[in-house]
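A short worksheet on the structure shown next.
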Amino acid sequence: MKLLWSSRSPFVRKVMIVAHEAGLAERIATERVVVAPAKPNALVMAANPLNKLPTLILDDGRVLYDSRVISEYLDGLNPGPKLFPAAGPARFEALRRQALGDGMLDFLLLWLAERNRPVPQQSAELLAALKLKLEASLAQLEREAADIATTPLGIGHIAVAVALGYLDFRFAVENWRTLCPGLAQWHADFAARPSYAATAHADVY
Ligand SMILES: N[C@@H](CCC(=O)N[C@@H](CS)C(=O)NCC(=O)O)C(=O)O
C-alpha cells in the first residue's frame with residue numbers, strides 16, 4: 001500500500017505512528033507530496049477530492065482517507081493488541097480523546113495559516129480565539145493526564161501525542177509544558193517510543 005505523505009503533516013505522523021505500533025510500517029511505501037489548501041495537488045486530488053494528507057492507496061486501487069479511517073484500517077490488519085477498543089466506554093473515551101487531539105491539530109493548522117498571512121491581513125480576533133482554544137484544550141488534557149498515563153495505549157494517546165509534537169514543531173513559543181507538568185511527564189515517556197522517534201517532523205520540501 002502507498003501513503004501520500006509529508007514529513008510536515010501531523011495527521012500523516014499520526015497514521016505512521018499507528019503503522020509502527022501495529023508492526024505494519026514496512027508494508028507502507030511513502031510518496032512525498034506537498035499540499036496546501038490554496039494549491040490543490042493534482043496527484044493527491046486524483047485519489048482524494050479533499051486534497052488532504054494522509055491518503056492511503058491500497059494494493060487493489062481502493063483509496064482510504066482521513067487519518068481516523070486509515071488508523072482504524074491499519075489497526076484492523078494487526079492481530080495483536082488493538083489501538084481502537086472494540087466497544088463500550090473504553091472505545092468512546094479513546095474516540096473522544098482522538099477527537100480532542102485531531103481538533104487541536106485542526107485549529108493549529110488554521111492558526112499557522114493565519115500567522116503566515118501578512119500582518120495587516122491577520123485577524124486579531126481569530127488569533128485570540130485560537131489561543132483560548134489551545135489553553136482550554138491543554139487545561140483539559142492536564143486534568144486527564146493521570147488517566148492518560150494509566151490507560152492502555154490507544155488511538156487517543158497517539159492523537160494527543162501528535163498534537164503535542166506539533167506544538168513542539170510549530171508552536172514552541174507557546175511553551176505548553178509550563179501549563180501542563182503532568183502531561184509533559186507522560187509525553188516524555190511517550191516520546192521514548194520507537195514509533196514516535198521514527199516519525200519526527202522535519203521541514204523538508
Ligand atoms: N481530518 C483530516 C485532516 C487532514 C488534514 O487537514 N491534512 C492537511 C495536512 S496536515 C492537508 O492535507 N491540508 C491540505 C488541504 O487542506 O488542502 C485527517 O484526520 O486526516
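In terms of Cα to Cα distance under 15 Å, which aspartates and glutamates are near enough to LYS52, apart from those fewer than 8 places away along the same chain?
GLU31, ASP66, ASP102, ASP106
Treating only the Cα positions of region 83-205 as identical point scatterers, give the base-10 log of I(q)/I(0) from the Debye formula at each q in 0.11, 0.14, 0.20 Å⁻¹.
Result of the Debye calculation: -0.40, -0.63, -1.17.
What translational D, rounded to a whole number of µm²/s, comes out for region 158-197 from Stokes-Einstein when the hydrodynamic radius is the Kirkwood one over Cα pairs, at 20 °C and 1.002 mPa s?
Stokes-Einstein gives a translational diffusion coefficient of 208 µm²/s.
Probe of 1.4 angstrom, ligands and nucleic acids ignored: what's the accessible area per residue over the chain, in square angstrom? Could you put the intermediate results ahead of the total?
Working: 10310 Å² over 205 residues.
I get 50 Å² per residue for this part.
For the residue pair ALA113 and VAL204, what label-to-label distance in nm results when each label sits 7 Å from Cα along the Cα-to-beta-carbon direction?
Each label point lies 7 Å from its Cα, and together they span 2.6 nm.
What are the DSSP H helices in the chain that stretch 20 Å or more along their long axis, judged by alpha-carbon atoms, and whose average Kyte-Doolittle hydropathy comes to at least 0.0? Display every interim value, and only then the final one.
Working: long enough: 88-115 (40 Å, 0.07); 124-150 (39 Å, 0.40); 155-170 (22 Å, 1.24).
Answer set is 88-115, 124-150, 155-170.
Would you work out the Kirkwood radius for region 16-109? I mean one over the mean of 1/r across all pairs of different Cα atoms, in Å. List each step's numbers first, then the result.
Values: mean 1/r = 0.0678 Å⁻¹.
About 14.8 Å, per the Kirkwood formula over Cα pairs.
What percent does the relative contact order of the chain come to when contacts are Cα pairs within less than 8 Å and at least six residues apart? Don't skip to the end; give the middle numbers.
Numbers: 250 pairs, mean separation 55.4, N = 205.
Reported as a whole number, the value is 27 percent.
How big is the gap, in Å, between the Cα center of region 1-77 and the Cα center of region 163-205?
For region 1-77 versus region 163-205, the Cα centre distance is 21 Å.
Please work out the Cα convex hull volume for region 66-131 and give it in Å³ per residue.
Numbers: hull volume 6.4 nm³, N = 66.
It comes to 96 Å³ per residue, whole-number rounded.
With +1 on each Lys and Arg Cβ and -1 on each Asp and Glu Cβ, and nothing else charged, work out how big the dipole of the chain is about its Cα centre, in Debye to the nearest 20.
The dipole of the chain has a size of about 300 debye.
Around GLY154, which amide H atoms from residues at least 5 apart in sequence, or from another chain, sit under 5 Å from its own amide H, with H modelled in the peptide plane?
Amide H neighbours of GLY154, under 5 Å, 5+ apart: none.
I need the fraction of alpha carbon pairs in the chain separated by more than 24 Å, rounded to a whole percent. Before the final figure, lay out each step's value.
Working: 8694 of 20910 pairs.
Distances greater than 24 Å cover 42 percent of the Cα pairs.
Which FRET efficiency value, to the nearest 0.05, is calculated for ARG91 and ASN175 with the Förster distance at 35 angstrom and r the Cβ-Cβ distance? Provide the component values of the computation, followed by the final result.
Numbers: r = 34 Å, r/R0 = 0.96.
For R0 = 35 Å, the calculated efficiency reads 0.55.
The values are calculated or read from the model by the stated rules, or taken from the named source; none is laboratory data. Predicted, not measured: the structure shown is a model, and the values here were computed from it. All Cβ positions, even for glycine, are placed from backbone atoms using ideal geometry, and neighbour counts span all protein chains on display. These area figures cover heavy atoms from the full protein model, side chains too; ligands, DNA and RNA do not enter into them. Shrake-Rupley method; radii C 1.70, N 1.55, O 1.52, S 1.80 Å.
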